[in-house]
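Single-structure report; data block below.
The values are calculated or read from the model by the stated rules, or taken from the named source; none is laboratory data. Being a predicted model, the structure only gives us computed values, none of them experimental. For neighbour counting, all protein chains shown are included, and Cβ atoms are generated from backbone atoms with ideal geometry for every residue, glycine included.
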Amino acid sequence: MLQYVSPVVLLLISNIFMTFAWYGHLKSLKSSALWIAIAISWGIALFEYIFQVPANRLGSQVYTLPQLKIIQEVITMVVFAGFSYWYMGQPLKMDYLYAGLCLVGAVYFLFR
């Protein structure tokens, strides 16, 4: 069971770092020079890769490549929704739910 859960947990942690690397500077470094935002984002992305590479290596032992990708996409959408709401103060919309349901359909088709 651990071999199935470990990649998912590592991808979750990886996506939290990546979301902050990609979008966190829009709030916290808005008035900083672009090069500073880039350097800090690269530093954060380093931690993303520290979790993402082992997640994909471990995950490829128990999941197919398409399954691993769709797991990552679902995690990305969940992490991004939380980030948007709690960190960036963006309202959640019904369209996010509909997009999430489409991803649930994708999960169904890849795992059936």
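Within region 55-112, the set of residues being assigned to a loop (DSSP other than H, G, I, E, B), under 19 Å from MET1 (Cβ atoms) and among the hydrophobic types (A, V, I, L, M, F, W, C) comprises just one member, VAL62.
Given the structure, is ILE16 closer than 19 Å to PHE111 by Cα and touching a residue at least 60 places away in the same chain (Cβ under 8 Å)? In short, no. Within region 59-85, residues that are under 22 Å from LEU26 (Cβ atoms) have Cβ atoms under 8 Å from residues that are outside any helix (DSSP H, G or I) in these pairs: ALA81/LEU92; SER84/GLN90; SER84/LEU92; TYR85/PRO91; TYR85/LEU92, counting only partners at least 6 apart in sequence or on another chain. Residues of region 31-50 that are surrounded by 16 or more Cβ atoms within 10 Å (Cβ to Cβ) and among the β-branched types (Val, Ile, Thr): ILE40, ILE44. Would you mind stating whether PHE109 is aromatic (Phe, Trp, Tyr) and crowded, with 16+ Cβ neighbours inside 10 Å? For PHE109, the condition - aromatic (Phe, Trp, Tyr) and crowded, with 16+ Cβ neighbours inside 10 Å - is not met. Candidates ILE13, ILE50, ILE40: the one that is modelled with pLDDT of 95 or more, within 17 Å of SER84 (Cα to Cα) and assigned to a helix (DSSP H, G or I) is ILE13.
Each row is one residue, and each column tells you yes or no for (1) among the aromatic types (Phe, Trp, Tyr); (2) touching a helix residue (DSSP H, G or I) at 6+ places or on another chain (Cβ under 6 Å); (3) closer than 26 Å to TYR98 by Cβ.
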| residue | (1), (2), (3) |
| --- | --- |
| LEU26 | no, no, yes |
| LYS30 | no, no, no |
| ILE38 | no, no, no |
| ALA45 | no, yes, no |
| ILE50 | no, no, no |
| SER60 | no, no, no |
| LEU65 | no, no, no |
